[in-house]
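Worksheet: the structure to be examined is printed underneath.
The values are calculated or read from the model by the stated rules, or taken from the named source; none is laboratory data. Just so we're clear, the structure is a prediction, and the values are computed from it rather than from any experiment. Positions of Cβ are generated from backbone atoms using ideal geometry, with glycine treated the same way; all protein chains shown enter the neighbour counts. Only protein heavy atoms, including side chains, enter the accessible area calculation; ligands, DNA and RNA are left aside. Shrake-Rupley method; radii C 1.70, N 1.55, O 1.52, S 1.80 Å.
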Amino acid sequence: MSSASLLWGLLFGTVGVGFFMYGKKQQRAVPLVCGLILMIFPYFVSSTLLLVAIGAALMALPYFFRM
């Protein structure tokens, strides 16, 4: 694991906590689930490029799907 992967994982985990707290407070499923996945997925992805791509997609998902 490189230092870039660790820093991207930290960034996505922090954003995930924010999405999770927002989704829980507003009782909205999409930000809640995206927050959980953003906190967990960096542990399972080893490629930095794939980590950034998945993280960016998960961060954009609540913007496009408002439930």
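A compact table of results
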| quantity | calculated |
| --- | --- |
| Filtered residue count, the range 40-52, keeping only those that are part of a helix (DSSP H, G or I) and open to solvent by 60 Å² or more (accessible area, probe 1.4 Å) | 4 |
| Residue list for the range 11-29, filter: β-branched (Val, Ile, Thr) and either assigned to a loop (DSSP other than H, G, I, E, B) or closer than 14 Å to residue 57 by Cα (or both) | 15 |
| Residues satisfying the stated conditions in the range 48-58, i.e. of a type in the set (Gly, Ala, Ser) and out of contact with any helix residue (DSSP H, G or I) (no Cβ under 8 Å at 6 or more places or on another chain) | 53, 56, 57 |
| Residue 17 β-branched (Val, Ile, Thr), touching a residue at least 40 places away in the same chain (Cβ under 8 Å) and open to solvent by 40 Å² or more (accessible area, probe 1.4 Å) | no |
| All positions within the range 1-10 that are in a helix (DSSP H, G or I) and touching a residue at least 40 places away in the same chain (Cβ under 8 Å) | 4, 5, 8, 9 |
| Test: residue 32 is open to solvent by 60 Å² or more (accessible area, probe 1.4 Å) and either in contact with a Phe, Trp or Tyr (Cβ under 8 Å, 6 or more places away or on another chain) or part of a helix (DSSP H, G or I) (or both) | no |
| Given (1) open to solvent by 40 Å² or more (accessible area, probe 1.4 Å); (2) modelled with pLDDT under 95, index of the condition residue 56 fails | (2) |
| Residue in the range 10-24 that is polar (S, T, N, Q) and within 9 Å of the chain's Cα centre (by Cα) present | yes |
| Yes/no for residue 59 being in contact with a Leu (Cβ under 8 Å, 6 or more places away or on another chain), in a helix (DSSP H, G or I) and among the aliphatic types (A, V, I, L, M) | yes |
